[in-house]
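To start, the structure itself, in structure tokens.
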């Protein structure tokens, strides 16, 4: 028999205290807003089933410090380096195109 306390538990997840996006243990800066990570905030997270296209692998490299990491998601809105807080758009991200990079690719 399952105790009634089992059903009273609220699933909680750690989020950035500034923007509310997922908190990743060990990050110095939020990957979504770039602010320094302090103590996370905890929010209720109901269980959800999501259908859609498979996750896409994207690589991020910080333009300031060179730190690099991969993401695996359908929607990738990580734009900041978790190490230094510098800009780190995904490689090939059309919202973060730099004209110098485009000219180098064409040449």
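Among 19, 62, rank each residue by its count of other Cβ atoms within 10 Å, from fewest to most, as a rough exposure measure. Least to most surrounded, the residues fall as 19, 62. Compared with the alpha-carbon gap, the fully stretched path from residue 59 to residue 18 is longer by 12.3 nm at 0.36 nm per residue.
Can you pull a Stokes-Einstein diffusion coefficient for the range 21-95 at 10 °C (1.306 mPa s), Rh from Kirkwood over Cα pairs, as a whole number of µm²/s?
On the way: Rh = 13.4 Å.
Rounded to a whole number, D works out at 118 µm²/s.
Would you please give the FRET efficiency between residue 44 and residue 70, computed as 1/(1 + (r/R0)^6) with r the Cβ-Cβ distance and R0 = 25 Å, to the nearest 0.05?
Numbers: r = 29 Å, r/R0 = 1.16.
Once the sixth-power term is evaluated, E becomes 0.30.
Coordinate-derived values only; no laboratory data. Predicted model, so just to flag it, every value in this text is computed and none were measured. Cβ: placed from backbone, ideal geometry, glycine included. Neighbour counts: every protein chain shown.
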